[in-house]
Amino acid sequence: MKILVLNCGSSSLKYQLIDMTNQQAIANGLVERIGLPGAILTHRKGADKFVIDHEKQLANGLVITDHKTAVALVIKALTCDKIGIITSMDEISAVGHRVVHGGEKYASSVIINADVMKVLNECSKLAPLHNPANITGIMACQELMPTTPMVAVFDTAFHQTMPVEAYIYSLPYEIYTEHKVRRYGFHGTSHKYVANEAAKLLGKNLNELKIITCHLGNGASVAAIKHGKSVDTSMGFTPLAGLTMGTRCGDIDPSIIAYLAHEMDLSVDEIDNMMNKKSGVLGLSGISSDFRDIETAAEQGNQRAQLALDVFTYHVKKYIGAYAAAMNGVDAIVFTAGLGENDKVTRANVIEGISFLGVNIDAEKNNVRGQARIISTNDSKVTALLIPTNEELMIAQETQELI
Ligand code: AMP
């Protein structure tokens, strides 16, 4: 069985075709600048990379003007006898769509039908930058593949198991009941995947473990997973909350917004933009949102770069401590995503700062990138692990289960 996994943004579309017999991606790619001049498809099959630019699109008779033409071109690339991997679209058994927000309605993935589309539209209010793009991608696929089952896999769904004391904000209760303002949490697919994989690697039943998963990428979040269920997570009503991130500020005193509005004569939208795009380690360092650039600058003695790294490490440590308390214990701490998988220094700094929990880094085991393994010493009471995330595979697995 082959499953196509799609992740649609407002002007981009990422895809993977996954062969479920061996759970391997057999082709993947990215469409960028959808609806803009210079739209381009980069398609990969094994080690081979093919770029389909405007000229080639013209020659193909298919120019990327919107999500529908983007999906059509992806299907053409997948079925093309030169760069493709399947002979016909009929080989695609189902499409799994990444959808950012499922609100309170969806605690798990769901087969898409007209009722589901209605809910997704309602949830657009909660994720105005993401859900409309996800919906556009689903509709484009439905038009081109009307008989292929489609599944929506939500970033928020895994965290729907949080108890009320973890998800409610201390605002007037009607703000929750009437406006749905509460903690939803994000990166759910990744947290769920790495928690499952960690249990497998430990040879233990997920239902018996208390795990803290640290998804440390450009967007970053920590989750407390007790017996397989998310009981708390650092992102909140939006993905702005929690840890300091590449460009997002994470937790700040909410009164800062009103203060800056008066003090700097900024609009709410301007402040929102600043908190989302100009803050985090970029704002602190003044150098970059990419940890590699910041680490290089810190090594060269840049103090603001060092500050940004210290703040990030401190935030991760603080959340791990909080979630160990939330679960009244912790058995395993998992690092994943761009930084979590590749940056041994940050992993070591975090673990060294929480040694009171009974976890110690094994420098030799930690000297690795992107490989699933235990990175703590054998005598650690709490096990630290590196688990590469694979959100696409998780989406494909959930899609397969449902169809
Ligand atoms: P993601 O959002 O999961 O793709 O993660 C992207 C982020 O991972 C980048 O912004 C980098 O800051 C970080 N990253 C990737 N590789 C490394 C590395 N070798 N060392 C430090 N940070 C890295």
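Once the convex hull of all Cα atoms in region 360-403 is built, its volume per residue stands at 77 Å³.
Could you state, as a whole-number percent, how many of the C-alpha pairs of the chain are farther apart than 41 Å? Kindly include the intermediate steps, with their values, before the conclusion.
Working: 12398 of 81003 pairs.
So the portion of pairs separated by more than 41 Å is 15 percent.
Residues in region 299-378 average 49 Å² of solvent-accessible surface per residue, probe 1.4 Å, ligands and nucleic acids excluded.
Roughly how big is the chain's charge dipole about its Cα centre, with Cβ charges of +1 (Lys, Arg) and -1 (Asp, Glu), in debye to the nearest 20? Don't jump to the answer; show the numbers that get you there.
Values: 36 positive and 43 negative charges, 125 e Å.
Dipole size: approximately 600 debye.
Mean residue ellipticity, 222 nm, helices only, the chain: the sum of -39500 (n - 2.57) across DSSP H runs of n ≥ 4, divided by residue count and rounded to 500, is -11500 deg cm²/dmol. In region 203-386, taking the dipole from charged Cβ atoms about the Cα centre, the farthest positive-side position among Leu282, Phe312, Val345 is held by Val345. Positive end of the dipole of region 22-71 (Cβ unit charges, origin at the Cα centre): among Gly35, Ala70, Gln24, the Cα lying farthest that way belongs to Gln24.
Can you tell me the relative contact order of the chain? Whole percent, Cα pairs under 8 Å, sequence separation 6 or more.
Values: 842 pairs, mean separation 54.3, N = 403.
So the answer I get is 13 percent.
Positive contributions from Lys and Arg (+1) and negative ones from Asp and Glu (-1), summed over other residues with Cβ under 9 Å from the Cβ of Ala166, come out at -1. Which pairs in the list Lys118/Lys226; Lys68/Lys125; Lys317/Lys381; Lys180/Lys278; Lys68/Lys229; Lys278/Lys365 are over 29 Å apart, alpha-carbon to alpha-carbon? The pairs that break the limit, which is 29 Å between Cα atoms, are Lys118/Lys226; Lys68/Lys229; Lys278/Lys365. Take the Cα of Val368, step 7 Å toward its Cβ, do the same at Leu58, and the gap between the two points is 5.1 nm.
Can you tell which of Leu266, Met245, Thr336 lies farthest toward the positive end of the dipole of the chain, using +1 and -1 charges on the Cβ of basic and acidic side chains (Lys, Arg; Asp, Glu)? The residue sitting farthest along the positive end of the dipole is Thr336. From the largest down, region 2-154 spans 44, 39, 25 angstrom on the principal axes of its Cα atoms. Between region 203-242 and region 26-89, the alpha-carbon centres lie 35 Å apart. A straight Cα-to-Cα reach below 16 Å connects Lys45 with the lysines Lys2, Lys14, Lys76, Lys82, residues fewer than 8 places away in its own chain not being considered.
Within region 203-386, the percentage of alpha carbon pairs spaced more than 28 angstrom apart rounds to 27%.
The values are calculated or read from the model by the stated rules, or taken from the named source; none is laboratory data. Just so we're clear, the structure is a prediction, and the values are computed from it rather than from any experiment. Virtual Cβ from ideal backbone geometry, glycine too; neighbours counted across all protein chains shown. Protein only, heavy atoms only, side chains kept; ligands, DNA and RNA dropped before computing areas. Shrake-Rupley method; radii C 1.70, N 1.55, O 1.52, S 1.80 Å.
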